[in-house]
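First the structure, in the form of structure tokens, and then the observations on it.
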Amino acid sequence: MNKRALVVGGGILAVGVVAVVATRLLYSQQNYADVTLSIVGGVCTPSVTGTLGERKGNKIIWNITNNCDTDQYVRFQDFKQRAFLGGSLGSPVNDILDPGQPTSKLIPRSGGTDTVDPKVNKDSFLFKTVYKYAVFVGPDLGSLVNRLDPDVEIWP
């Protein structure tokens with residue numbers, strides 16, 4: 001093997017390692033988010049702390065606490081891919097997670113909790129893919145209302 005081929009091969013390997021390490025550092029590195037339901041203006045409203053993200057095949061986790069005065073369901077749906085480098089959103093899709101529209105159990109009022117932990121179905125190539133999603137809340141599955149729209153990251 002000649003010296004030039006070794007240098008080129010080593011250079012390519014070094015660039016690849018640096019790219020992988022750098023992209024890992026750019027991601028939130030948090031596969032969970034805390035969701036708190038609270039009464040705001042007379043309405044049970046979610047808040048989400050943390051930037052959620054994960055790789056294909058792994059689970060993301062929403063830890064939900066219901067501080068409202070009625071039992072509530074929470075559903076995560078209508079995932080819309082953000083255009084590369086921000087900007088417009090794509091059409092809603094519900095196949096990036098399994099199950100496609102993860103839904104909590106009925107969460108008891110005044111501090112009840114539940115964990116929703118779907119598996120990531122989608123892959124991302126080289127850079128993270130960001131999806132905006134809707135958080136629906138309601139006292140029964142037939143009357144869920146969109147109350148929030150945070151982001152989830154899919155990492156390479």
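Every number here is computed from the coordinates shown, using simple stated rules; none is lab data. None of these values were measured; they are calculated from a predicted model. Note: ideal-geometry Cβ built from the backbone for every residue, glycine included; neighbour counts use all protein chains shown.
For the range 30-155, the mean projected area of the C-alpha convex hull, equal to one quarter of the hull surface, is 7.4 nm². The ranking of Phe79, Phe125, Phe136, Phe84 from fewest to most other beta carbons within 10 Å of each one's beta carbon is Phe125, Phe84, Phe136, Phe79. Working note: Karplus 6.51/-1.76/1.60 with θ = phi - 60° gives the range 146-153 the couplings 5, 10, 6, 9, x, 10, 10, 9 Hz, where Gly and Pro are set to x.
Counted residue by residue at 0.36 nm each, then reduced by the alpha carbon distance between them, the extension gain from Asp98 to Asp117 reaches 5.9 nm.
Charged neighbours of Gly112, selected by a Cβ distance under 14 Å, balance to -1 (K, R count +1; D, E count -1).
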